[in-house]
1. Within 10 Å, count the other beta carbons around each residue, average over each peptide in 164-171, 286-293, and list them highest first.
2. Suppose we keep just the alpha-carbon trace of the stretch 49-129; what are its Rg and Dmax in angstrom?
3. Give me the 1.4 Å probe accessible area per residue for the chain, excluding ligands and nucleic acids, in Å².
4. Going by amide H atoms built from the backbone, whose H comes under 5 Å of the H on MET316, apart from near neighbours?
5. Would you please give the residues with an amide H less than 5 Å from that of VAL153, counting only those at least 5 places away or on a separate chain, with H modeled from the backbone geometry?
6. Hey, can you grab everything whose amide H is under 5 Å from the amide H of LEU119? Only 5+ residues off in sequence or another chain; H modelled, so Pro and N-termini drop out.
7. In whole percent, how big is the carbon plus sulfur part of the accessible area of the chain, probe 1.4 Å, protein atoms only?
8. Using the Karplus equation 6.51 cos²θ - 1.76 cosθ + 1.60 (θ = phi - 60°), what ³J(HN,Hα) coupling, rounded to whole Hz, does each residue of the stretch 148-163 give in order, writing x for Gly and Pro?
Amino acid sequence: MDVRLLPYDPAAAPHVVRLWNDAIGDTFPLREAALRQCLEANPSARPEDGCLAWTEGGHLVGFGYAGFHRLDLAETAGFRERGQIQAVVVDPAVRRQGLGRRIAGHLAGLARDRGIERLDAGGGMFYLWGGMPDDLPGAAAFCEAIGFELGDVSWDLRGDVTDLRVDDGSAALLRDQGLTIEPATAADAGAALDFLLAEFGGEWWHETSWFLAEGGDVATLLLLRDASRRILGLARIHRPDVRPIGPPHFWAARRAPAAGGLGPIGIAAERRGQGLGRALLVVALDRLRQAGLNDVVIDLTSLLGYYGSHGFRPWMTWRHSAAPVERVLAATGGTAVAEEEDAR
């Protein structure tokens, strides 16, 4: 097939969205805003991380992008050693002609050139898919064909909170211990970020600090505090009107307009196992209900039993999958692809 692989160009975003939705939009309907957020607003992204497959006639028939963390931050240093193939999408009319493998090989070549030894399928930072999309027909077979090993699963869970209320036990627990749960203010941002970094590491910290730096509403962070105002827990709620877009709203076209989301949510290590996590959860869900956002997604979690007890069920399934870069290159002819593109 006479196709050229070129770097991502923001002017091509409408073409990418059209290709994506023609190919897999029935399962994962992509919005241009979500695409641009991952490839353009992402402070680590570069145009060459994206791959556009153009025919000589100017028709986009393939798209892929890789995830790399480039920020020189001590808090996220470990992420610079990781890479992801975030997506490979091919026009149905030209499938089974080697284009998907070629795109994957090109992306693996980028990882090799950065000194990255192992790739994940999805996940990381600024992803559209939290892992290999288990619900997408053909995705598992393609991943295995290019060298990925399929592992455990996580889910985006979905529930209806119309009938949910803060239960008496949770209310009494908070009251008896002098604890409060309230939206953060601008003055709380630094302490909230410090809490996330200390208790949960760089990923949640980076995600939240970027959200706030981009103008995200700090009041979507609910803070659990003791009488001295020390933060003991944090939950982020998602509304459809808030920008940047949160992962629970990436696939909003499959949901009602009045839909909400939750995540991340967590309690300080020293206070876990005391019922505070449940109290923070039900208060956060009740806030969404009071805002009229009864359809709630909790993104990328393995805690199906825990959230299932509150009426949440799997909505999307992400299979954690990884492969050595060299194996992907061998399975795709990626070395030859890189040399071919350099020669153009």
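1. Numbers: 164-171: 14.1, 286-293: 16.4.
The peptides rank, most packed first, as 286-293, 164-171.
2. Taking only Cα atoms of the stretch 49-129, I get Rg and Dmax of 14.0, 46 Å.
3. Details: 14470 Å² over 344 residues.
Per residue, the chain has an accessible area of 42 Å².
4. Placed amide hydrogens put ASP156 under 5 Å from MET316.
5. Sorted by chain and number, the residues that satisfy this are HIS320.
6. Hits under the 5 Å cutoff: ALA323, VAL325.
7. The value for the chain is 50 percent carbon and sulfur by accessible area.
8. 7, 9, 7, x, 6, 10, 10, 9, 8, 9, 10, x, 9, 9, 3, 9
The values are calculated or read from the model by the stated rules, or taken from the named source; none is laboratory data. All of these numbers come straight from a predicted model, not from anything done at the bench. Every residue, glycine as well, gets a Cβ built from its backbone with ideal geometry; the counts of neighbours run over all protein chains shown. Only protein heavy atoms, including side chains, enter the accessible area calculation; ligands, DNA and RNA are left aside. Shrake-Rupley method; radii C 1.70, N 1.55, O 1.52, S 1.80 Å.
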